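For reference, the structure is listed below as structure tokens.
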Amino acid sequence: MEDVGGAVLRDVLLHSPALFYTALTAPARRPITPFKHQFQPLYHAMITRPVRILIADEIGLGKTVQALAIARYLQLRGEARRILVLVPKILREHWKQEIRRVGGFPTVIENGHEVESKLRNTYGYTVVSIDLAKRSPHRERFLDIKWDLIIVDEVHNVTLGTQRYEFLRALVEKGGEDLNLIFLSATPHRGNPKDYLARIALLDPTLTDQYQKLDKPSFYSKTQDTLVMRRTKKVVNELEGREVFKKCYFGAVVVEISDAERAFFDKLDKALFEMIKGAREDSPEALLAVLVRKRASSSYEAAVKTISKIAESTNSEGSGKAEKVSKYIKSLFGLGYDEIELEDFNELDDAVEKIIEEYSPLLDRKQVESFRELLELAKQIKERDSKLQMVAEIAAYHIKQGEKVIIFTEFKDTLEYIKRKLPKILADEYGVRLEGREISLLYGGMSSREVEEQMARFERHGKLLISTDVASEGLNLQIASVVINYEAPWSPIKLEQRVGRIWRLSQPRETTAYTLFLAAETDLYVLENLYQKIMNITEAIGSGPRLGKPVFGKQMFSGDFEVLWKEEASEEGAKGEQPSEYDLVIASIRRELTGYAGAIIHTLKSLRQNIEKMVPSDTAKQVQEELEHILTPRDFDREAVSEVLRTYLTEVLGKRNIPEISPILHDVVKEGPSSLMPMKIGVKGRDGVEYLYFVRLVDEEDGREFHRYPVLVRRNGGKLEFLYGVDLLKRLIEVFSQDFVVIGRPEPTMEENLISSQLRTLARDGFYRPRTKYRNYELVFSKGKLKKGRLFKNTKIETTEVLRIEGISEERFNILKYVPSGILDVYGLSEKDVEPPTDEYRRITERNFVPLEDILKSERKAMEIVMELERKRLEKKYGPGGGWEVKDVSLKEHYDIKVVEPNGERYIEVKGHKPLLLTAEVTPAEYEFATDSKNVDKYWIYIVANLGKKKPVILKVFRPFERDARVYAVLEDGKEVEITGKVSINIKNKIRKVLSVE
């Protein structure tokens with residue numbers, strides 16, 4: 001029963017928020033493990049149009065997968081053919097991989113030269129950097145296309161008054177009321193209510209533009225679970241009833257340094273201090289100083305490269321332009337890595353090199369000379385790099401524990417330096433010998449194929465991954481459990497983003513993140529005046545949270561990442577300011593970090609409070625209760641779901657040797673909603689009747705279907721019982737595993753109105769209950785004049801019966817296996833009036849040899865009946881001797897009877913059967929004659945069956961091998977009844993053609 005069984009499974013998988021995830025992973029892709037919180041946005045997207053949602057979950061909760069689940073649903077339903085994905089440049093590769101993971105085919109636009117050619121075919125996913133797309137003339141090309149769905153990642157970067165915002169607003173306006181929008185951000189509110197509300201107004205353009213009227217708790221509460229959804233790690237743990245997110249430890253490691261290293265950093269500190277003394281913060285000198293400080297904090301290799309370039313520069317006596325300094329500061333020093341704008345560069349190194357080249361000539365001779373002296377000190381450091389030695393010690397310990405380690409750096413040249421030096425130290429000093437395939441690299445500018453190869457290598461064989469932030473941002477790297485920050489991130493958000501690569505869903509281990517500080521004056525100053533003041537970290541002595549764990553370096557401070565940031569500052573800071581990374585580096589050079597710790601804590605606290613106020617998180621109880629409206633308890637049980645689906649695939653669909661069910665289920669749903677026509681089946685040896693209905697949510701105005709939910713209805717103790725989800729599939733396994741037969745279409749019943757009424761109540765109060773939130777959202781703000789129109793469409797609930805399951809006796813089953821129930825009804829035949837065909841008889845009739853004598857008798861009898869039937873028909877129509885003739889031509893033509901009448905001829909092929917078997921077998925020559933264009937409108941097949949009983953069944957089939965074949969039943973009085981719509985014609989190609997009426 002592949003047709004019915006497969007179609008019903010497809011609709012159950014496609015329209016259940018939980019079961020849909022089991023079919024999300026494409027064949028040969030890394031499996032997607034579903035979690036309960038991920039069902040909620042998909043559930044809302046299934047029952048709301050247009051889809052307008054900001055998914056604001058914390059880092060590591062799988063926002064990308066949730067967005068793609070919604071996209072896949074809309075795509076399979078034919079509602080999202082053109083999907084635009086706008087991302088920061090550094091996230092393009094991440095989205096490309098994730099789209100492929102769900103079976104999509106992404107077109108990634110990497111530069112302006114590709115825009116025109118790659119926008120010629122926009123079916124499927126188009127992934128592009130928002131900073132590339134917003135520029136003219138590309139902007140106009142993107143606006144010319146009617147997108148069905150737009151996904152914007154890291155949407156907090158789309159700020160009011162910027163090109164990004166204006167571009168996105170233009171896209172929304174062009175898209176119209178049917179455009180679907182999904183925004184993603186772990187930090188949706190960055191401290192400016194007007195800015196946040198402007199993004200919400202992109203989701204709902206019908207809101208007032210007087211944002212001060214919206215900046216109220218009553219508004220934010222109504223956007224919760226309508227326009228905005230936010231869940232936390234705590235909620236996920238509670239929903240799953242287990243510790244999904246294991247502990248994550250943070251360690252600040254102080255590394256002892258050599259005298260040569262200390263001399264280098266002392267000289268560097270003085271040179272940078274003198275360089276910016278008296279300079280404005282937005283001056284070229286200040287920008288150069290910050291870059292040198294960051295490069296020196298990274299590695300000696302990076303420092304020497306940058307200082308050499310400055311030392312080699314030719315002084316231009318202060319000439320030159322510095323207009324772009326502010327632009328560089330804004331684009332390179334955001335709160336998070338996702339805010340870095342590198343549209344014209346592959347890596348941060350490239351941007352640094354361009355700035356050094358552009359502004360070094362502005363330095364005076366004394367400043368340049370100090371950098372030349374620094375170069376000489378750098379040469380004295382020679383081979384012994386204390387930080388690299390410590391990295392080797394930490395990495396060796398964890399690799400020996402069987403853990404995979406990631407080293408993050410901001411700069412590609414530092415990455416290359418680590419790759420060149422670290423393996424030898426690991427081998428010589430710690431006995432850890434890494435083969436080439438055990439080390440993976442990720443950096444900007446790699447091709448997609450290279451990134452895939454490196455990721456696959458790390459997953460299968462890797463022990464160490466060295467990656468720049470630009471390359472790894474957005475990637476899911478939870479196969480590793482240790483992060484080493486080669487440079488200390490200046491921004492708490494950047495630190496969280498790095499750790500978030502491993503501390504995320506599906507991480508089975510406890511995780512550890514190390515940040516290294518050199519025992520040099522500047523690093524210690526930053527550790528003491530910044531890190532220790534904003535973090536809940538204490539000195540690690542092998543006890544407390546470090547009990548049983550190693551303590552590295554000269555000194556180590558550790559803490560629990562879940563409660564890492566302090567709530568209150570020990571000092572006062574600039575409360576109204578949000579310090580940038582640039583501000584902090586400048587302050588560290590000037591030794592003016594005092595007060596900044598307070599400002600950072602205030603910023604973090606303000607961000608948290610604003611998020612909690614404006615983007616309140618759902619509780620685990622709220623999520624669970626909402627999902628229970630449409631999911632059964634077994635739908636939440638991943639193992640139970642998997643077991644039922646595997647059984648369904650084997651028992652109902654006949655699949656065998658199934659290592660993984662997800663790829664098969666992915667193929668099951670790829671055709672979209674079924675086009676199942678209502679039918680009735682009879683199950684042998686069972687009593688009672690069951691009904692399978694589609695409960696449908698449709699547009700109130702045009703009737704477009706948004707969602708359908710299959711529900712099985714049956715009586716249990718006199719009351720109607722409703723089965724859906726996994727419970728429905730379990731019941732269908734029982735039904736489809738038994739002998740059954742299709743017996744026609746369901747006819748109206750007395751219970752039809754009662755069932756429909758109760759199903760609509762179930763849908764209103766259960767399946768579609770969350771729609772109440774959307775109605776209230778529209779109603780409250782329309783009345784309060786905060787909206788100037790309706791965003792979400794009004795819907796109504798309809799019900800459609802698609803399958804009726806009736807129990808029938810074994811005797812009736814044996815007849816209905818071969819005879820449509822409609823035939824029995826037309827002729828008024830009971831089981832006693834019918835001789836069912838045996839399996840042996842069916843085998844004999846499908847022969848390629850001379851038929852047996854009793855079959856020949858049946859065919860002779862059928863010839864007599866048909867010839868007499870035709871004579872009576874013609875005599876009644878034309879009268880005796882009215883110029884007609886009925887002739888037996890079976891021995892000389894490719895048919896049996898030739899009928900000649902005044903207005904033409906009829907060629908009749910006759911087939912007779914002693915039992916009630918409605919098949920007709922024709923030879924290749926007979927088939928060729930029947931389908932010849934000269935004969936097709938004259939050709940008929942007459943099947944005379946049930947000759948072993950008193951009441952023969954006579955069917956006439958006109959144009960039997962054509963798509964518009966018509967079937968007539970001839971009753972005892974010669975009256976003809978057309979039954980074309982009650983039966984179907986099936987043609988089997990063997991050596992001969994076998995036509996069956998079913």
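The values are calculated or read from the model by the stated rules, or taken from the named source; none is laboratory data. The shown structure was predicted, so the numbers you read here are calculated from the model rather than taken from an experiment. Counting neighbours? That spans all protein chains shown, and the Cβs are built from the backbone with ideal geometry, glycine included. Protein only, heavy atoms only, side chains kept; ligands, DNA and RNA dropped before computing areas. Shrake-Rupley method; radii C 1.70, N 1.55, O 1.52, S 1.80 Å.
Karplus-based coupling profile of region 16-30, in residue order and whole Hz: 9, x, 7, 5, 4, 5, 5, 10, 7, 6, 6, x, 6, 10, 4, with θ = phi - 60° in 6.51 cos²θ - 1.76 cosθ + 1.60 and x standing for Gly or Pro.
Computed from phi, the 3J(HN,Hα) profile of region 117-129 under the Karplus parametrisation 6.51, -1.76, 1.60 (θ = phi - 60°) reads 5, 7, 8, 6, 10, 10, 5, x, 9, 10, 10, 8, 5 Hz, with x in place of Gly and Pro. Against the criterion of solvent-accessible heavy-atom surface with a 1.4 angstrom probe, D178, D11 sort, most first, into D178, D11. Between helix 638-651 and the chain, what is the angle of the helix's C-alpha long axis to the longest principal axis, kept within 0 to 90° and rounded to the nearest 10? For 638-651 against the chain, the angle is about 30 degrees. The simple spin-label model puts a point 7 Å past each Cα toward its Cβ; for V994 and N716 those points are separated by 4.2 nm. Compactness of the chain is given as radius of gyration and Dmax, 37.6, 128 Å, from Cα positions. Each of K876 and T761 was given a label point 7 Å from its Cα along the Cα-to-Cβ line. The distance between the two points is 5.3 nm. Note on N121 and K400: with the Förster distance fixed at 60 Å, the Cβ-Cβ geometry gives a FRET efficiency of about 0.70.
Under 5 Å between amide hydrogens, built in the peptide plane, is the criterion, and for K655 it picks out T650 among residues at least 5 positions away or on other chains. Its Cα gyration tensor gives region 364-481 an equivalent ellipsoid. The semi-axes, each the square root of 5 times an eigenvalue, are 30, 20, 11 Å from largest down. When both bridge partners sit in the chain, DSSP labels roughly 55% of those beta bridges antiparallel. For region 434-442, putting each phi into the Karplus relation 6.51 cos²θ - 1.76 cosθ + 1.60 with θ = phi - 60° gives couplings of 9, 6, x, 6, 8, 10, 10, 10, 9 Hz, in residue order, rounded to whole numbers and with x for Gly and Pro. The antiparallel fraction among DSSP beta bridges confined to region 386-567 stands at about 15%.
Relative contact order, whole percent, for the chain stands at 13, derived from Cα pairs under 8 Å and 6 or more residues apart. Using only the C-alpha atoms, the convex hull of region 370-432 corresponds to 92 Å³ per residue.
Size descriptors for region 386-567 (Cα atoms only): Rg and Dmax, in that order, 15.9, 46 Å.
When peptides 301-308, 405-412, 804-811 are ranked by their average number of other Cβ atoms within 10 Å per residue, the highest-first order is 405-412, 301-308, 804-811. May I ask for the angle, rounded to the nearest 10°, between helix 259-276 and the longest principal axis of the chain, with both axes built from Cα atoms and the value confined to 0 to 90°? Roughly 90 degrees between the two axes.
A straight chain from A279 to E700 at 0.36 nm per residue would run longer than the Cα-Cα distance by 145.0 nm. Applying the criteria of a DSSP loop state and at most 12 other Cβ atoms within 10 Å to the trypsin sites (Lys or Arg not before Pro) of region 922-998 yields K934, K950, R963, K975, K990. Under a 5 Å amide H cut-off, with hydrogens placed 1.01 Å from N, R81 pairs with D148 among residues at least 5 apart or on other chains. Partners of K872 within straight-line reach, counting lysines whose Cα lies under 16 Å from its Cα and excluding those fewer than 8 residues away in the same chain: K887, K898, K956, K975. Using the Cβ-Cβ distance between E177 and D739 with R0 set to 51 Å, the FRET efficiency works out to roughly 0.50.
The convex hull around the C-alpha trace of region 814-997, projected and averaged over every direction, spans 10.4 square nanometres. Where does the Debye-calculated log10 I(q)/I(0) of region 843-925 sit at q = 0.11, 0.17 Å⁻¹, using only Cα point scatterers of equal weight, no solvent? With one equal scatterer per Cα and no solvent, log10 I(q)/I(0) is -0.35, -0.75. On full extension, the segment bounded by E976 and E568 gains 137.7 nm, given 0.36 nm per residue less the C-alpha separation.
Applying 1/(1 + (r/R0)^6) with R0 = 45 Å to the Cβ-Cβ distance of E521 and K213 gives a FRET efficiency near 0.30. Only Cα sites of region 616-771 enter the Debye sum here, all with the same form factor; the resulting log10 I(q)/I(0) across q = 0.14, 0.19 1/Å is -0.90, -1.55, listed in q order. For E416, E778, E285, the ranking by accessible surface with the largest value first comes to E416, E285, E778, using a 1.4 Å probe. Distance between the modelled labels on M750 and N776, one decimal in nanometres: 4.2 nm (7 Å Cα→Cβ projection). The calculated Kirkwood hydrodynamic radius for region 17-230 is 17.4 Å, given to one decimal from all distinct C-alpha pairs.
Restricting the count to DSSP beta bridges whose residues both fall in region 633-808, what percent are antiparallel, rounded to a multiple of 5? Here the antiparallel bridges make up roughly 80 percent for region 633-808. Relative to the longest principal axis of the Cα atoms of the chain, the long axis of helix 596-614 makes an angle of roughly 20 degrees. The convex hull around the C-alpha trace of region 881-964, projected and averaged over every direction, spans 6.7 square nanometres.
Subtracting the Cα-Cα distance of T650 and K354 from 0.36 nm times their residue separation leaves 100.4 nm of extension gain. With the charge dipole of the chain set up from +1 on Lys and Arg Cβ and -1 on Asp and Glu Cβ about the Cα centre, the Cα lying farthest toward the positive end among the listed residues I943, N485, L197 is that of I943. Amide H contacts of M679 (H built 1.01 Å from N, in plane; Pro and chain starts excluded): L803, R804 sit under 5 Å, all sequence-distant by 5 or more or on other chains. If only the Cβ of Lys and Arg carry +1 and only the Cβ of Asp and Glu carry -1, the dipole of the chain around its Cα centre is close to 1420 debye.
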